[in-house]
Protein chains: 2
Amino acid sequence: MAIRPAEQLIHKAAWLYYAHGLRQDEVASQLNISRASVAMYLRKARETGIVNISTSTQLFTDDVMARKVEDAFGLDAVWIAPENAYLADPSTDIAVLAASVFLELVKKGDRIGVAWGRTVYTIADIMSFADLQDVTVVQLCGNLGAPYSYRPDQCTMEIARRLNAKGLNFYAPLVLSTEELAKSLRAEPVIRDQLAGIANCDLALYSVGAVDADSHLVKCGALSPAEMEGLRSQGAAGVIAGQIIDAGGEVLDCSYNRRVISAELASLRAIEKRLMVVQEDTKFEPLLSAIAGGLCTHLVIGAHMAGRLLQYAEAATKKAS
Amino acid sequence: MAIRPAEQLIHKAAWLYYAHGLRQDEVASQLNISRASVAMYLRKARETGIVNISTSTQLFTDDVMARKVEDAFGLDAVWIAPENAYLADPSTDIAVLAASVFLELVKKGDRIGVAWGRTVYTIADIMSFADLQDVTVVQLCGNLGAPYSYRPDQCTMEIARRLNAKGLNFYAPLVLSTEELAKSLRAEPVIRDQLAGIANCDLALYSVGAVDADSHLVKCGALSPAEMEGLRSQGAAGVIAGQIIDAGGEVLDCSYNRRVISAELASLRAIEKRLMVVQEDTKFEPLLSAIAGGLCTHLVIGAHMAGRLLQYAEAATKKAS
DNA sequence: CACGGCTCTCGACAAAAGTCAAACTTGGTT
DNA sequence: AACCAAGTTTGACTTTTGTCGAGAGCCGTG
């Protein structure tokens with residue numbers, strides 16, 4: 001047979017099975033191979049995104065609560081994962097939902113900005129494969145040598161791999177020891193171009209971090225617990241793409257932020273669809289800050305978090321009136 | 001579209017099964033129903049487009065021949081169904097491919113123009129269900145009381161049903177007995193609006209008809225075999241949305257055309273993506289005319305037809321040089 | 001309130017799909 | 001040429017899924 005018999009065969013088998021609706025044994029006899037091979041080809045077809053199986057996420061936006069959150073915070077779309085109604089682990093449910101929503105939002109030819117964190121990596125990990133043409137996945141912030149598998153570059157590459165897209169990594173550390181060095185590095189053509197390209201993204205995927213000792217920034221050694229505490233008293237409210245933001249969703253004026261190589265918030269806000277996913281209930285204040293700062297247009301959260309947001313919004317309206 | 005309790009269950013089952021990857025018995029115990037019910041719900045979910053299973057049509061555009069046809073005729077994209085390599089009935093293969101391509105081209109919020117004919121109805125009939133929001137399917141030409149099931153309004157409605165979209169029918173006959181009456185009818189607000197709306201479509205789906213006694217126009221009594229023959233000698237080369245076109249793909253100047261209520265070719269050309277599907281090998285000349293008239297940007301054909309097109313293109317280039 | 005007609009649900013069986021170790025290619029290396 | 005490693009392919013077996021008729025609930029009607 002020709003150059004790549006495997007890929008051709010996978011495609012043909014998938015076509016006959018999924019598009020024409022033949023049974024596996026019928027496909028097998030058509031292609032003169034055993035049914036076992038057909039089964040294997042079909043698995044590969046699903047794994048490589050030659051066939052796409054997607055379920056509508058309508059149910060989760062049609063929710064009354066989701067509508068209320070949209071209205072209360074002026075968001076474009078909100079998806080709410082019903083907590084403990086379905087599965088043992090609610091955070092998995094949020095990630096599965098987020099992955100589906102993400103795939104629904106991506107279009108051919110898109111440029112996608114991806115941040116990092118446990119949430120983002122979990123999403124990447126459970127996301128099904130797709131065969132999107134001309135998609136580029138860009139890393140939103142510098143790297144951090146984390147002892148975990150959710151380093152910024154890994155998040156980017158894994159998502160790129162799943163989408164069959166091109167991954168554009170950031171070859172710089174997230175945080176440097178002096179402001180001087182950070183400034184010089186940001187001026188480097190390679191880095192400058194990458195930073196400039198972020199505003200051209202069509203879609204961003206990120207979560208928001210909490211300002212506490214459990215933060216990845218602390219765990220990965222970018223900040224000490226004491227420093228974190230200090231930033232907190234200076235008004236730090238959350239972490240976005242490795243940067244500390246205040247309660248209004250603006251970059252906090254501090255030495256740490258000046259030493260960071262990451263996407264400017266203005267660039268992030270220039271991205272049309274900003275998909276934020278929050279799994280942990282403890283991230284309530286960080287999420288509020290991110291929303292206040294206009295860093296999120298599309299939101300995926302759990303039912304409990306949604307309840308807290310609505311409660312907060314109601315209280316705010318009452319106070320105002 | 002209020003979600004009924006049954007729909008909720010279908011959605012939940014589909015979500016657990018397809019998104020979370022649980023087995024049917026696991027889903028059953030989660031939802032406290034029998035596995036048999038789960039299986040039934042899942043079938044319904046597939047039938048209503050709550051879950052989408054689509055296979056990439058890449059293979060058919062990646063083909064060398066498809067590329068050549070694209071280049072030779074200046075088309076945006078060409079898909080070629082390999083003939084007799086796969087199944088007994090090659091025309092089914094073309095229709096299955098066309099349906100997949102069509103679903104790949106449709107986007108949320110699109111407005112889609114649909115003509116009529118056996119080809120179009122076959123495509124509608126085998127097309128899988130989808131849950132596209134805010135899609136409108138508009139009928140491109142007036143109606144014809146055909147003794148078959150592929151009347152213009154049926155084609156439109158069936159496709160609308162499959163996509164879960166709104167169907168906009170044409171409440172006028174395709175052809176009238178006098179030019180006067182056709183003119184008055186075209187001026188009617190209802191009709192005028194519909195005709196005007198055609199140019200706003202994002203995607204059109206049609207085939208091209210042959211100018212012979214087998215044509216639907218003859219079979220449905222719009223024209224007699226003798227009239228058809230007469231038109232042929234006047235330069236008729238094909239039929240598009242009920243109108244007769246000449247070899248250059250322009251409307252033929254004849255009484256029949258002046259009595260027809262259908263989309264103006266200029267409106268059709270204003271549609272960004274014009275997907276033409278041709279099953280029969282005998283429609284070679286009609287297809288050439290349609291291409292010449294710029295009525296087709298995306299094309300789905302069989303391998304044999306592709307061969308003839310290339311042969312023709314080569315001959316034309318040789319003659320020119 | 002009993003009766004058909006209706007849809008929804010379930011259990012049991014049949015059909016189809018998934019899996020795995022072993023046999024077999026294939027392409028490169030000693 | 002012989003050998004090895006990586007990757008396919010297969011038959012036999014197990015698990016999962018599809019289907020169908022029976023039964024259960026539900027409602028409007030005579």
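Observations
- Only residues that are open to solvent by 10 Å² or more (accessible area, probe 1.4 Å) and not aromatic (Phe, Trp, Tyr) were counted in segment A:266-285, giving 13.
- Residues of segment B:170-194 satisfying the condition of being of a type outside the set (Val, Ile, Thr) and open to solvent by less than 30 Å² (accessible area, probe 1.4 Å): B:PHE170, B:ALA172, B:LEU174, B:LEU176, B:ALA182, B:GLN194
- Members of segment A:202-222 found to be of a type in the set (Val, Ile, Thr) and buried (at least 21 other Cβ atoms within 10 Å of the Cβ), listed by number: A:VAL208, A:VAL211
- Test: residue in segment B:54-68 that is within 14 Å of DNA strand D (Cβ to nearest atom) and in contact with a Lys or Arg (Cβ under 8 Å, 6 or more places away or on another chain): no
- Qualifying residues in segment A:1-12 (those that are more than 10 Å from DNA strand D (Cβ to nearest atom) and modelled with pLDDT of 85 or more) - the one surrounded by the fewest Cβ atoms within 10 Å (Cβ to Cβ): A:LYS12
- Segment A:158-190, residues that are assigned to a helix (DSSP H, G or I), at pLDDT below 90 and of a type in the set (A, V, I, L, M): A:VAL190
- All of (1) facing chain B (nearest Cβ under 9 Å); (2) closer than 19 Å to B:SER56 by Cβ hold for A:SER56 with one exception: (2).
- In segment A:191-220, the residues that are under 30 Å from A:GLY49 (Cβ atoms) and either at pLDDT below 90 or not hydrophobic (A, V, I, L, M, F, W, C) (or both): A:ASP193, A:GLN194, A:GLY197, A:ASN200, A:ASP202, A:TYR206, A:SER207, A:HIS216
- Condition check for B:GLU70 on (1) among the acidic types (Asp, Glu); (2) without any contact (Cβ under 8 Å) to a residue 12 or more places away in the chain; (3) open to solvent by 40 Å² or more (accessible area, probe 1.4 Å): one failure, at (3).
- Unique match (being over 25 Å from A:ARG269 (Cβ atoms), within 13 Å of chain B (Cβ to nearest Cβ) and in contact with a Leu (Cβ under 6 Å, 6 or more places away or on another chain)) among A:ALA130, A:ALA45: A:ALA130
- Test: B:ILE80 is facing another protein chain (nearest Cβ under 10 Å) and either at pLDDT 85 or above or out of contact with any Gly (no Cβ under 7 Å at 6 or more places or on another chain) (or both): no
- Of the helices (runs of 4 or more DSSP H) contained entirely in segment B:234-311, not one carries at least 1 residues that are in contact with a Pro (Cβ under 9 Å, 6 or more places away or on another chain), at positive phi and among the small types (Gly, Ala, Ser).
- Looking across segment B:24-40, the residues that are more than 12 Å from every other protein chain (Cβ to nearest Cβ) and either within 37 Å of the chain's Cα centre (by Cα) or among the β-branched types (Val, Ile, Thr) (or both) come down to B:GLN24, B:ILE33, B:ALA36, B:SER37, B:VAL38, B:ALA39, B:MET40.
- Those residues of segment A:16-64 which are part of a helix (DSSP H, G or I), more than 16 Å from DNA strand C (Cβ to nearest atom) and either open to solvent by less than 40 Å² (accessible area, probe 1.4 Å) or at pLDDT 90 or above (or both), in sequence order: A:LEU59, A:PHE60, A:THR61
- Exactly one residue out of B:GLY167, B:GLY142 is open to solvent by less than 60 Å² (accessible area, probe 1.4 Å) and without any contact (Cβ under 8 Å) to a residue 40 or more places away in the chain, and it is B:GLY167.
- Where a residue in segment A:40-53 is over 10 Å from B:SER54 (Cα atoms) and of a type in the set (A, V, I, L, M, F, W, C) and its partner, wherever it lies, is open to solvent by 60 Å² or more (accessible area, probe 1.4 Å) and near DNA strand C (Cβ under 8 Å from one of its atoms), with Cβ under 8 Å and at least six apart: A:LEU42/A:TYR17
- Residue under evaluation B:ALA115, criteria (1) open to solvent by 10 Å² or more (accessible area, probe 1.4 Å); (2) over 18 Å from B:ARG308 (Cβ atoms), criterion not met: (1)
- Among the residues of segment B:211-226, those that are in a loop (DSSP other than H, G, I, E, B) and within 12 Å of B:ASN143 (Cα to Cα) comprise B:CYS220, B:ALA222.
The values are calculated or read from the model by the stated rules, or taken from the named source; none is laboratory data. Just so it is clear, the structure is predicted and the values come from calculations on it, not from any experiment. Heads up, the Cβs are rebuilt from the backbone with ideal geometry, glycines too, and the neighbour counts pull from every protein chain shown. Only protein heavy atoms, including side chains, enter the accessible area calculation; ligands, DNA and RNA are left aside. Shrake-Rupley method; radii C 1.70, N 1.55, O 1.52, S 1.80 Å.
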